[in-house]
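As structure tokens, the structure follows; a few thoughts come after it.
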Amino acid sequence: MLILGIETATERVSVSVGGHEGVIGLFEVTKGRRHAETLVPAIDFVCKRAGIELSEISVVAVDVGPGLFTGMRVGLSAAKAIAQALSVPMIGISSLDLLAFPCRHTDRVVVPVIDARKGEVFYAMYRQVPGGIQQVAEPAVGPVEDLVADLMARSQDVLVVGDGAVRYREEILEGFHCEMGGDAHPSAGQLVQLAHARALREEWVQPREIEPVYLRAPDAKINWATRAART
Amino acid sequence: MLHLRAASINDTHAIAGAIAQLVRAGDIVVLAGEMGAGKTAFAQGFGTAFDIDEPITSPTFTLVHSYDLPRPARGIRTMHHADVYRLERTAELADLALGELAEFGGVVLVEWGDVVEGTFGDHLTVMLDQDPDDEADELALDRARFIEVAGTGASWAGRWDRLKTSLERFAC
């Protein structure tokens with residue numbers, strides 16, 4: 001069973017193909033943020049170099065966020081289009097899960113932090129469990145001070161990872177002594193590995209069921225009444 | 001706030017061009033004004049100042065048009081021209097992620113953006129209005145306009161004197 005993994009939730013564009021043998025192809029570029037221009041040629045490149053036809057793919061896995069809106073809409077629309085064209089199911093995985101997963105061998109609490117812009121971060125907390133990691137605190141979005149307050153409230157040994165940790169390193173360390181490290185960006189390599197485990201259990205969905213996770217302010221009607229001229 | 005009068009379409013373009021000289025990568029410029037007030041005309045003058053030679057048309061039905069600058073200037077690589085007129089909900093606005101577009105080497109012009117101004121952080125607001133004394137047809141492109149310019153946030157406060165000087169000849 002071959003899985004195509006598409007990762008565009010942060011500045012990185014990452015594409016991977018893999019299956020029971022693990023990751024067999026991986027392309028990543030973490031500078032330039034040209035998701036739309038980079039993604040499809042990258043898929044083509046990885047498949048060709050790994051000697052795989054798209055028709056051999058049996059599941060499309062995608063990072064559903066939270067993260068960059070501009071990146072996710074490129075990744076999700078490409079992933080859905082490919083899955084639909086191939087008539088294969090999809091597996092959507094959270095960007096925070098993907099950042100935490102490579103840290104599954106530490107006994108610290110793993111806190112992936114993704115830059116949400118405007119001084120805010122997306123974050124969640126994970127713990128090692130046999131065979132992987134488990135979320136111990138729901139994903140949240142808020143100012144960096146909220147994250148620091150959460151860390152202080154738990155006051156456990158913590159490993160903080162992600163591009164939000166890189167950007168707000170000083171602020172976090174000033175507020176709470178913890179270890180920083182791991183990956184700054186999620187990778188499609190991790191995505192394929194995590195998705196493979198789920199695919200073996202047939203935990204997949206149809207393309208129409210895949211939705212981005214934005215974790216943003218609740219939706220509201222735009223108050224056009226203030227602009228009566230529009231109506 | 002600056003109160004300006006553009007006697008012609010050329011003046012509207014010149015005002016837009018003068019503002020374009022002062023924007024930086026990451027800036028958001030809100031264009032306010034009724035139908036036919038000259039929002040798209042302003043965007044055209046703005047684009048010309050960046051040597052964009054593609055035709056700049058209203059993005060009402062496509063939501064965002066993006067134009068790569070032939071010669072990136074002051075870190076600006078792309079001019080995005082958005083129109084939020086058709087949006088009904090804040091989630092649709094969030095979907096457009098205009099702030100992200102600006103952040104990455106972009107400048108974003110947002111027609112009808114005054115309705116959602118609170119979501120933009122630092123930005124410049126350009127309010128356009130037809131000069132009622134001009135006898136040209138209401139929808140004529142080449143007509144006189146009143147243009148008000150207001151800055152929100154520290155980043156515009158720091159540029160205000162230069163902006164004022166460069167637009168002095170249009171003051172009214």
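The values are calculated or read from the model by the stated rules, or taken from the named source; none is laboratory data. The structure displayed is predicted, hence computed values, not measured ones. Cβ sites come from the backbone with ideal geometry, for glycine too, and all protein chains shown count toward neighbours.
Residues of the stretch B:53-62 that are surrounded by 17 or more Cβ atoms within 10 Å (Cβ to Cβ) and either at pLDDT 95 or above or more than 14 Å from B:Leu101 (Cβ to Cβ) (or both): B:Ile56 alone. Determine, yes or no, whether B:Phe50 is farther than 23 Å from B:Ala171 by Cα, crowded, with 16+ Cβ neighbours inside 10 Å and either of a type in the set (D, E, K, R) or in contact with a strand residue (DSSP E or B) (Cβ under 7 Å, 6 or more places away or on another chain) (or both). Yes; evaluated as a whole, the condition is true for this residue. Check A:Gly51, A:Gly71, A:Gly75 and return the single one that is at pLDDT 95 or above and within 26 Å of A:Gln135 (Cα to Cα). Exactly one residue qualifies, and that residue is A:Gly75. Looking at B:Leu87, B:Leu141, B:Leu128, B:Leu69, just one residue is within 22 Å of B:Ser58 (Cα to Cα), more than 10 Å from chain A (Cβ to nearest Cβ) and in a loop (DSSP other than H, G, I, E, B), and that residue is B:Leu141. Looking across the stretch B:90-122, the residues that are part of a helix (DSSP H, G or I), more than 22 Å from B:Phe50 (Cβ to Cβ) and either charged (D, E, K, R) or within 8 Å of another protein chain (Cβ to nearest Cβ) (or both) come down to B:Thr90, B:Ala91, B:Glu92, B:Leu93, B:Ala94, B:Asp95, B:Asp114, B:Val115, B:Val116, B:Glu117. Take the conditions (1) under 22 Å from A:Asn223 (Cα atoms); (2) in a helix (DSSP H, G or I); (3) among the hydroxyl-bearing types (Ser, Thr, Tyr); B:Thr165 misses just one of them, which is (1). Test each condition in (1) surrounded by 21 or more Cβ atoms within 10 Å (Cβ to Cβ); (2) in contact (Cβ under 8 Å) with a residue 60 or more places away in the chain; (3) within 20 Å of B:Glu168 (Cβ to Cβ) for B:Val30 and report the one that comes out false. The failed condition is (3). In the set B:Ala82, B:Ala43, B:Ala16, only one residue is within 14 Å of another protein chain (Cβ to nearest Cβ), of a type outside the set (Lys, Arg), crowded, with 21+ Cβ neighbours inside 10 Å and within 24 Å of B:Phe146 (Cα to Cα); that residue is B:Ala82. Residue selection: A:Ile133 fails the criterion of being more than 30 Å from A:Gly25 (Cβ to Cβ) and among the β-branched types (Val, Ile, Thr).
Look through the stretch A:187-219, keep the residues that are modelled with pLDDT of 85 or more and within 14 Å of another protein chain (Cβ to nearest Cβ), and return whichever of them is farthest from B:Thr119 (Cα to Cα). Restricting to residues being modelled with pLDDT of 85 or more and within 14 Å of another protein chain (Cβ to nearest Cβ), the top hit is A:Glu211. Would you check which residues across the stretch B:136-158 are surrounded by fewer than 18 Cβ atoms within 10 Å (Cβ to Cβ) and of a type outside the set (A, V, I, L, M, F, W, C) and list them? Within the stretch B:136-158, B:Asp137, B:Glu138, B:Asp142, B:Glu148, B:Thr152, B:Gly153, B:Ser155, B:Gly158 qualify.
Mind listing just one residue for me: the one in the stretch A:1-33 that is of a type in the set (S, T, N, Q) and surrounded by 20 or more Cβ atoms within 10 Å (Cβ to Cβ) and, of those, nearest to A:Glu203 (Cα to Cα)?
A:Ser16
If the condition is being more than 22 Å from A:Asp219 (Cα to Cα) and β-branched (Val, Ile, Thr), then the stretch B:59-110 contributes B:Ile76, B:Thr78, B:Val107, B:Val108.
If you go through the stretch B:72-111 and keep only what is at pLDDT 90 or above and among the aromatic types (Phe, Trp, Tyr), you end up with just B:Tyr85.
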